[in-house]
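Undergrad: Here's a structure for you.
The values are calculated or read from the model by the stated rules, or taken from the named source; none is laboratory data. Everything numeric in this text was worked out from a predicted model, so none of it was measured. Reconstructed Cβ throughout: ideal geometry from the backbone, glycine too, with neighbour counts over all protein chains shown.
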Amino acid sequence: MAAQTEESDTAREQTKAEQDVDQVRQRATRDQQRLDSGAVTSPKDLENLQREITSLAKRQGDLEDIVLEVMERLESAQERVAELTGRVSSVQAKIEDATARRDAALESLDGEIASVTKEREVISATVPADLLKLYDKLREQQGGIGAAKLYQRTCQGCRQELAITDINEIRAAAPDTVVRCENCRRILVRTSESGL
């Protein structure tokens, strides 16, 4: 925005400087025509007219230098606007790409959530109500994980190795008995890799 404002201000400044040059040029042309026409006969008036033409020529040169300097600044401002516009376009394209990827990821996650929710509903229908209630309570207390795998005598929920007395109790428990970790209180899922 600042670069565009600078560009338009410089363009206006250039237009004004060019108008000033044109006015001086027109006046010098008029004076030269008066001088060439022979209408001025007084030596004093002729001398004044020649002095004014010389002064106007110098003024025109000075104004043309100003126009050139303003034109250089305008060109620089235009380059800056073009560069910044390109950068804005690049950033906008990146934003649009990131937004599209985010939307695709959200759509994928929504599909996965729907699938997992259906799968959970099917599985939870086969689990006894009191066990499901315990699991949901533990899941809420433990940050979303109510049950953890017992792997190589270590609870995968809290990553603590169980004491040998706890291992012996779990080993002695019936396969359908709900066993829990003494450290984090999550339900332990026993597998062939539990180290029992």
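Undergrad: Would you mind finding the one in Glu112, Glu182, Glu119 that is touching a helix residue (DSSP H, G or I) at 6+ places or on another chain (Cβ under 9 Å) and of a type outside the set (A, V, I, L, M, F, W, C)?
TA: Glu182
Undergrad: Further, regarding this structure: So if I check each of Leu68, Leu138, which one is in contact with a strand residue (DSSP E or B) (Cβ under 8 Å, 6 or more places away or on another chain) and assigned to a helix (DSSP H, G or I)?
TA: Criteria check complete, one pass: Leu138.
Undergrad: Is it true that Arg73 is in contact (Cβ under 8 Å) with a residue 12 or more places away in the chain, assigned to a helix (DSSP H, G or I) and not aliphatic (A, V, I, L, M)?
TA: Yes, satisfied.
Undergrad: Sticking with this structure for a sec: Of the residues that sit in the stretch 154-184 and are surrounded by fewer than 17 Cβ atoms within 10 Å (Cβ to Cβ) and of a type in the set (Lys, Arg), which one is farthest from the chain's Cα centre (by Cα)?
TA: The qualifying residue farthest from the chain's Cα centre (by Cα) is Arg171.
Undergrad: Does the stretch 41-58 contain any residue that is among the small types (Gly, Ala, Ser), part of a helix (DSSP H, G or I) and surrounded by 15 or more Cβ atoms within 10 Å (Cβ to Cβ)?
TA: No, that holds for no residue.
Undergrad: Could you list all residues from the stretch 149-161 that are out of contact with any Leu (no Cβ under 6 Å at 6 or more places or on another chain) and within 24 Å of Asp136 (Cβ to Cβ)?
TA: Lys149, Tyr151, Cys155, Gln156, Gly157, Cys158, Arg159, Gln160
Undergrad: Is the stretch 91-99 home to any residue that is surrounded by 11 or more Cβ atoms within 10 Å (Cβ to Cβ) and either at pLDDT 90 or above or in the same structural domain as Ala11 (by TED's automatic domain parsing) (or both)?
TA: No, the conditions are met nowhere in the stretch 91-99.
The rows are residues; the columns are (1) over 30 Å from the mean Cα position of the chain (by Cα); (2) modelled with pLDDT under 90.
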position	(1), (2)
Glu52	yes, yes
Gly86	no, no
Arg101	no, no
Val122	yes, no
Leu150	yes, no
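Undergrad: Further question on the same structure: Which condition from (1) within 20 Å of Cys181 (Cα to Cα); (2) of a type in the set (D, E, K, R); (3) assigned by TED's automatic domain parsing to the domain that holds Gln23 is the one that Glu79 breaks?
TA: The one condition Glu79 does not meet is (1).
Undergrad: Hey, Val127 hits all of (1) in a helix (DSSP H, G or I); (2) surrounded by 10 or more Cβ atoms within 10 Å (Cβ to Cβ); (3) not acidic (Asp, Glu) but one; which does it fall short on?
TA: Only one criterion is unmet by Val127, namely (1).
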